[in-house]
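This report concerns only the one structure given below.
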Amino acid sequence: MTSTIGYPILWEVGIPISVAAVCYSCSKISGFRPTVVPFAFALILFATMPYQINIDASWWITGFYNYLLPTAVALYVFSVCYSGEGGSFKKIVCALLCFYFPYMEQAGLAFVVAMIFFICYQGRMLSRFNLVITLLVIINLIICLKAPGNEKRFALEVWRWYPQYQTYGLINKLSLGFDKLHQLMTFRYNIPLIALMISAFYVRCSYSGMRNSTKCALFIIATFISISIANSLTGLFSGGFIFNSATVDATRWSAGKVYISYFYIFAVISSLFLVLIDLVMNAKSNCTPIIAMLIGFMTVTMLGLSPTVYASGYRVDFIFEIMCIISCMSIISSSANGK
């Protein structure tokens, strides 16, 4: 990065190509044929993710090198593995790219989890090529995580950003990750997340046979959609009892409205998974939205395992937004194809 950042042509061309690669791969993974309409829909969702995230992860030069580019590469490699298509040249390129994108920890971990889930769920993905790709990514991810420089950096970051972090246990750290996830889900203008909720709500309401638990889940999702839209347009709910988007600190950790907002967001997440599972059980969708959202929530919650959980800005939420795009498009694709 440091040797190429001085050549503007590289990132001026690289950013739009990476965005196009992300949209192409999202369309392919979602089950659409890579044509203009699904590509355009993916591009619209990409362009409407929260400004704070998009500008930090895509259009900022360092964000492009550290987030957009490795994510685009990881999605492309996964789309090749998922589709089972491609000749020898494409497979060689994918194998070489496995020595690059795992060094962005979130992309590498998301890729490994996705491959394991899909290999276990779909027998057609159990191939020699996919196993080799997964193994290469795991090896490079381990090298990245266990590199001596990273361990030294971790120790220094504790003292620089969060001195009391070294006294926290696992539950405390995961709580910080959930607080980060809570902040993300209460962002204004989080269009990919709202689109996912609307698509899941609409498709589940399109057929009968609801249990009481499904009805409750749909009601909670409906309130989230309504409040998210109203909050985006007016900001009325920001800082309130339901959409308290500010992160926890020494002055707010004991406030009752913080935990009310936590409980509501936890109920929304649980309701979303309940509806997605219901869609799969009724053959209205495949497992892609469930796996994608598990990965999305995981990549944000795992930030609590780092002392820079609040210092990294909003770019660390980028993969969550991509998972929302894939999940939304997958639901629409399965509905359109009569899954």
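Each reported figure results from applying straightforward, stated rules to the coordinates on display, with no laboratory input. As the structure is a prediction and not an experimental result, all values here were calculated from the model. Positions of Cβ are backbone-derived with ideal geometry, glycine not excepted, and every protein chain shown enters the neighbour counts.
By the count of other C-beta atoms within 10 Å, a proxy for reagent exposure, C120, C23 are ordered fewest to most as C120, C23. With a simple spin-label model that places each label point 7 Å from the Cα along the Cα-to-Cβ direction, the separation between E157 and I277 comes to 3.3 nm. The simple spin-label model puts a point 7 Å past each Cα toward its Cβ; for Y121 and I17 those points are separated by 3.2 nm. Of all lysines in the structure, those lying under 21 Å Cα to Cα from K28, and not within fewer than 8 positions of it along the same chain, are K90, K91, K284, K339.
Our note on the geometry: Cα centres of the range 266-339 and the range 174-195, 12 Å apart. In the frame of its principal axes, the chain has Cα extents of 54, 53, 36 Å, reported largest first.
Helix screen, the chain: DSSP H segments with Cα axial length of 15 Å or more and mean Kyte-Doolittle hydropathy at least -0.5 are 8-29, 36-47, 69-83, 105-121, 128-146, 170-185, 191-205, 212-234, 256-281, 288-301, 318-336. Taking all Cα pairs closer than 8 Å and separated by 6 or more residues, the relative contact order of the chain comes to 25 percent.
Of S226, S330, the sequence from fewest to most neighbouring Cβ atoms within 10 angstrom is S226, S330.
Size descriptors for the range 269-339: radius of gyration and Dmax over Cα atoms are 14.2, 46 Å. The length gained on full extension between S206 and K257, counted as 0.36 nm times the residue separation minus their Cα-Cα distance, comes to 14.8 nm.
Shown is the FRET efficiency for A230 and E85, computed with R0 = 45 Å from the Cβ-Cβ distance and rounded to the nearest 0.05: 0.55. Rounded to the nearest angstrom and listed largest first, the equivalent-ellipsoid semi-axes of the range 112-191 from its Cα gyration tensor are 32, 22, 11.
The ranking of S79, S127, S27 from fewest to most other beta carbons within 10 Å of each one's beta carbon is S127, S79, S27. What the Cβ-Cβ distance of Y103 and V36 gives, at R0 = 41 Å and to the nearest 0.05, is a FRET efficiency of 0.75.
Of all lysines in the structure, the ones whose alpha carbon falls short of 22 Å from that of K146, not counting any fewer than 8 places away in one chain, are K173. Helical content of the chain, expressed as a calculated mean residue ellipticity at 222 nm, amounts to -22000 deg cm²/dmol (DSSP H runs of 4 or more residues, -39,500 (n - 2.57) each, divided by residue number, nearest 500).
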